[in-house]
1. Mind checking which residues of region 328-344 are touching a helix residue (DSSP H, G or I) at 6+ places or on another chain (Cβ under 6 Å) and farther than 21 Å from residue 94 by Cβ?
2. Of all residues in region 460-508, count the ones that are more than 30 Å from residue 533 (Cβ to Cβ) and either without any contact (Cβ under 8 Å) to a residue 60 or more places away in the chain or buried (at least 18 other Cβ atoms within 10 Å of the Cβ) (or both).
3. Restricting attention to region 621-643, does a residue exist that is closer than 25 Å to residue 516 by Cβ, in contact with a strand residue (DSSP E or B) (Cβ under 9 Å, 6 or more places away or on another chain), surrounded by 15 or more Cβ atoms within 10 Å (Cβ to Cβ) and not assigned by TED's automatic domain parsing to the domain that holds residue 527?
4. Take the residues of region 522-563 that are surrounded by fewer than 24 Cβ atoms within 10 Å (Cβ to Cβ) and closer than 16 Å to residue 575 by Cα: which is farthest from the chain's Cα centre (by Cα)?
5. Please work out if residue 211 is in a helix (DSSP H, G or I), within 19 Å of residue 107 (Cα to Cα), out of contact with any helix residue (DSSP H, G or I) (no Cβ under 6 Å at 6 or more places or on another chain) and at pLDDT 95 or above.
6. Any chance you could count how many residues in region 324-349 are within 13 Å of the chain's Cα centre (by Cα), in a loop (DSSP other than H, G, I, E, B) and within 22 Å of residue 11 (Cα to Cα)?
7. Within region 188-198, can you find the residues that are exposed (fewer than 14 other Cβ atoms within 10 Å of the Cβ) and either outside the structural domain of residue 240 (by TED's automatic domain parsing) or in a loop (DSSP other than H, G, I, E, B) (or both)?
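The values are calculated or read from the model by the stated rules, or taken from the named source; none is laboratory data. Predicted model, so just to flag it, every value in this text is computed and none were measured. Glycine also receives a Cβ, built like all others from the backbone with ideal geometry; neighbour counts cover every protein chain displayed.
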């Protein structure tokens with residue numbers, strides 16, 4: 001397409017030609033198999049290669065020495081030649097689809113809990129505690145320098161012998177190399193501390209060892225921040241000068257420039273750039289590096305749309321543009337673009353659930369694409385059914401219902417979807433009304449567009465009844481009616497309102513408001529921030545040890561910033577026991593979860609969040625006439641291919657329910673329910 005010519009042009013670096021300028025930067029999906037990039041890991045990246053990407057870099061925090069183990073986030077370990085055959089099969093697979101492949105190599109330094117196997121002390125330039133992992137590192141000694149340099153070089157050699165197209169040294173996010181650069185973390189008074197020349201010495205020695213082991217022709221890049229945005233850290237001028245030192249060494253073939261320093265919750269929010277932050281917010285940093293240093297520059301932080309990506313290349317800001325989270329949402333971006341189908345691209349909304357899961361010990365999964373990371377069992381492209389055409393009736397047009405309609409229609413079945421509201425989206429529409437969360441609305445917009453394009457008959461403004469469903473003579477019925485807000489178990493709950501009432505604007509904010517959160521996810525903090533923004537005096541209370549307890553680290557930082565900025569008072573370890581009226585005010589009784597002691601708050605309004613209760617009346621009305629009586633085979637459902645259960649031979653149709661119609665969960669759970677249920681219909 002002419003308007004995207006710039007990103008579709010090839011780019012050649014050191015004899016390696018990338019078929020286009022679109023890439024995926026190194027990130028940690030936590031798909032490692034005992035430290036090796038096994039089948040799941042490779043299939044995840046291969047999907048991007050099949051989808052037309054030019055370069056995919058894998059192995060964020062690929063480690064290579066025992067004091068930087070791969071155990072956290074299920075990383076890769078390149079400290080042994082055993083990884084070479086895995087690299088070789090990986091490279092063969094990616095090259096077979098026309099893309100190029102690189103690996104990032106990292107010594108994580110102090111960013112490691114001391115209590116993980118093999119129980120070795122983290123190392124760093126100096127004894128400066130890292131806030132997130134909470135470890136006190138050991139200052140590096142003479143033998144540590146020699147060992148780390150040697151193992152860096154050996155890991156790079158394994159990349160080359162593994163047939164990769166290059167490797168990248170991690171010099172960002174407060175890992176070992178860049179912790180030497182910053183005066184905030186480097187307090188040494190030897191040859192590796194003090195002046196900028198000394199602080200950059202160790203990184204240069206690492207590159208010298210890498211070049212010694214891989215030679216001058218193998219591509220070696222350096223990832224670094226253009227501004228750490230951190231008090232006492234490296235500012236823009238510092239970073240540019242460091243970049244100049246490394247560029248002039250002649251040992252760096254490209255820079256991969258990001259912004260921020262990922263070392264605490266606020267740093268995560270800025271480095272990973274949630275939907276609350278503007279798009280392409282660090283492109284200017286990358287542009288300056290390219291203009292000043294004369295070395296190819298790669299970049300990608302919250303570049304989610306093709307127009308911005310193309311402009312970044314066309315105007316000469318960068319040489320390669322990364323849409324990493326964009327390819328988590330849709331690994332076929334380039335293929336759809338070149339086929340003239342840009343409207344079919346599922347755009348990343350910046351929910352950052354993929355990263356939030358990692359910091360909670362999970363693997364990277366996309367909030368809206370349940371096939372990502374499950375390529376061996378879940379399809380990104382729905383195959384047309386070769387069997388009989390079925391009649392599928394879906395009730396509810398939230399994410400689960402829309403996915404059921406989309407997948408079933410793309411299978412070639414006749415689909416009717418009933419939705420009682422005048423628009424699709426379900427609870428997402430409510431969530432998107434929270435401060436700086438409007439991007440979520442793109443999820444149902446894409447699902448609806450794809451379902452309609454595939455032929456689904458979506459009937460809005462119609463509240464389905466069991467009789468209406470049966471009148472369609474369905475073969476399969478999917479109940480995706482979602483849930484209603486749970487008012488909570490406390491006495492006087494009829495005097496309170498829900499977060500939905502606030503976010504949807506059904507209830508006007510009071511002047512003084514207690515928001516009570518027993519859920520821990522984003523609805524309560526969103527409602528609290530919205531109330532405060534509209535002038536209310538707000539207290540957020542929770543029985544948990546901190547606010548937003550079940551909100552992942554990246555979004556946690558964003559919400560806490562918003563709450564403090566809005567002046568919301570935070571109260572933890574307190575459970576709402578009772579609400580009663582006294583005159584024209586409400587009295588909320590809070591009980592300490594540890595001591596049982598009670599406190600009272602006199603407020604104008606109490607807002608509660610307790611998750612949802614399944615809206616399942618129509619499901620239960622249909623159970624008696626269904627062939628399976630609503631039953632699923634949980635063993636095969638867990639494996640992704642639910643086998644049919646025929647509990648009632650006289651039944652006329654198969655009946656299923658998905659998403660919050662089953663239990664209070666989230667967008668991904670609803671979409672995954674429907675994908676694995678409908679992909680083989």
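1. 344
2. Residues of region 460-508 more than 30 Å from residue 533 (Cβ to Cβ): 460-481, 491.
Pick out the ones that are also either without any contact (Cβ under 8 Å) to a residue 60 or more places away in the chain or buried (at least 18 other Cβ atoms within 10 Å of the Cβ) (or both) and you get 461-464, 466-469, 471, 474-481.
Qualifying residue count, region 460-508: 17.
3. Taking region 621-643 and keeping what is closer than 25 Å to residue 516 by Cβ, we get none.
Among the residues of region 621-643, not one is closer than 25 Å to residue 516 by Cβ, in contact with a strand residue (DSSP E or B) (Cβ under 9 Å, 6 or more places away or on another chain), surrounded by 15 or more Cβ atoms within 10 Å (Cβ to Cβ) and not assigned by TED's automatic domain parsing to the domain that holds residue 527, which makes the answer no.
4. 539
5. Values: in a helix (DSSP H, G or I): yes; within 19 Å of residue 107 (Cα to Cα): yes; out of contact with any helix residue (DSSP H, G or I) (no Cβ under 6 Å at 6 or more places or on another chain): yes; at pLDDT 95 or above: yes.
Here the answer is yes, as residue 211 does meet what is asked.
6. Final tally of qualifying residues: 0.
7. Selection gives 189, 190, 191, 195.
Let's see how each residue does on (1) within 24 Å of residue 83 (Cα to Cα); (2) modelled with pLDDT of 95 or more:
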position: 132; (1), (2): no, no
position: 136; (1), (2): no, no
position: 163; (1), (2): yes, yes
position: 179; (1), (2): no, yes
position: 188; (1), (2): no, yes
position: 206; (1), (2): yes, yes
position: 220; (1), (2): yes, yes
position: 230; (1), (2): no, no
